[in-house]
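Here the structure is laid out as structure tokens; the discussion comes afterwards.
The values are calculated or read from the model by the stated rules, or taken from the named source; none is laboratory data. Computed from a predicted structure; not experimentally measured. Glycine gets a Cβ as well: all are built from the backbone with ideal geometry, and neighbour counts include every protein chain shown. SASA here: full protein model, heavy atoms, side chains in, ligands and nucleic acids out. Shrake-Rupley method; radii C 1.70, N 1.55, O 1.52, S 1.80 Å.
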Amino acid sequence: MLNNAKRIVIKIGSSLVTDEAAGRVREKWLLALAEDIHELHQQKKQVIVVTSGAVALGRLQLGLPLKTALQLEEKQAAAACGQIELSAAWRDALGSHKLKVAQLLLTADDSIERRRYLNARNTIDTLMELGAIPIINENDTVATAELRFGDNDRLSARVAQMAGADLLILFSDIDGLYSADPRSDKNAKFIPEVHDITPEIEAMAGESSSDIGSGGMVTKIGAAKIALSAGCHMVIARGDVEHPLRILEKGGKHTHFHAKESPLSARKHWIAGSIHPAGRITIDEGAAKALKSGKSLLPAGVKAIEGSFERGDAVLIRDTQGKTLGKGLIAYSAEDAVRILGKKSGEIEQILGFKRRDVLIHRDDMVLE
């Protein structure tokens with residue numbers, strides 16, 4: 001499972017990365033995890049980390065009580081203060097292995113509003129292409145109660161969906177899903193594999209035992225729904241041990257939530273059935289043949305453009321006879337697409353003053369009929 005994954009999202013909770021009593025980073029544990037991530041990086045795997053801990057670290061610095069619920073404004077202040085220390089801890093731990101690190105702070109809006117979603121996704125893709133490891137946290141400083149993810153389990157699932165990851169790992173203080181809370185029910189049965197999120201599976205979820213974490217098995221099941229719908233496998237495993245990734249890679253105890261399709265297949269199903277087209281483009285015969293052979297759509301093969309659409313919107317693709325060939329997510333707005341219509345990819349930057357992609361619609365963002 002871990003051995004076969006190429007793009008992996010790892011979620012780290014507050015109770016793992018910080019010492020709850022002292023309000024400090026657990027440096028020894030973090031250094032061990034950084035060593036594990038370095039090993040994955042050496043295997044040419046792409047890793048994204050979703051980490052909690054900013055609020056917990058900021059509490060101590062601002063003199064806020066460690067085990068008392070905070071007002072929203074206090075939490076935002078603690079996040080602003082603690083995020084600096086949290087980012088520095090990740091930078092130092094991963095930097096000890098000469099790994100490049102980048103910080104992204106996201107809100108729920110960034111996974112909902114189309115333009116912001118595309119910008120975040122493109123940033124993550126570019127960072128990984130350049131060999132950097134994105135370290136992502138919820139932007140508690142500006143998020144309101146209505147817009148918050150509420151926990152980094154769901155945030156990590158949204159990130160996995162956004163990034164097209166094929167594996168999401170949720171490290172917890174428990175080694176997987178049980179039929180009941182094993183800390184209070186000695187008869188609780190371990191569930192090693194889940195193929196469908198049924199009402200019975202949802203009923204097994206319990207509450208978080210951490211004083212500073214906001215997650216629990218309920219949020220992990222919610223994350224599984226998001227991840228599996230995006231074609232991403234998900235694992236719940238124990239994280240409060242040194243080298244948790246190494247242990248997992250060697251077959252350590254965990255619950256595996258199985259995705260039924262690949263991230264690319266899930267994405268194409270989403271394009272085909274869930275997005276209303278905002279425009280239409282007509283392509284020539286050569287371009288039509290290229291698409292059928294698995295190629296992307298270049299601006300040189302486009303004959304006409306109709307509709308008002310923005311970058312990332314869905315458009316119908318038609319031939320010169322008016323027959324619909326498929327649907328895809330376009331890389332340029334209607335206004336920009338008209339300007340580069342029929343032009344070679346090498347001319348895009350000269351015409352527009354910028355270039356996002358050489359193609360108008362990438363083959364991974366296209367579904368043919």
task = Taking 7 Å along the Cα-to-C-beta vector as the label spot, tell me the ALA188-LYS250 distance in nanometres, rounded to one decimal.
result = 2.6 nm
ask   = How big is the C-alpha Rg of segment 210-369 next to the rule-of-thumb value 2.2 N^0.38 Å, as a ratio?
value = 1.40
request  = Taking a cut-off of 27 Å between Cα atoms, list the lysines near LYS67, but don't count ones fewer than 8 places away on the same chain.
outcome  = LYS11, LYS28, LYS75, LYS220
note = the chain: antiparallel bridges as % of DSSP beta bridges, rounded to 5, reads 40 percent
task = Give, in nm to one decimal, the length gained when the segment between ILE197 and LYS343 is fully stretched (0.36 nm per residue of separation minus the Cα-Cα distance).
result = 47.7 nm
query = Using alpha-carbon positions, what is the distance between the centroids of segment 232-269 and segment 24-102, in Å?
reply = 21 Å
message = Could you report the chain's accessible area per residue, 1.4 Å probe, as an integer in Å²?
response = 46 Å²
request  = Provide the gained length on full extension for the span LEU130 to ARG114, in nm with one decimal, where the gain is 0.36 nm per separating residue minus the Cα-Cα distance.
outcome  = 3.3 nm
ask   = Using a simple spin-label model with points 7 Å from Cα along the Cα→Cβ vector, what separation in nm is obtained for LYS67 and SER262?
value = 5.0 nm
query = What percentage of the solvent-accessible surface of the chain, computed with a 1.4 Å probe over protein heavy atoms, is contributed by carbon and sulfur atoms?
reply = 49 percent
message = Run the numbers for MET1 and LEU352: contour at 0.36 nm per residue of separation, minus the present Cα-Cα distance, in nm.
response = 122.0 nm
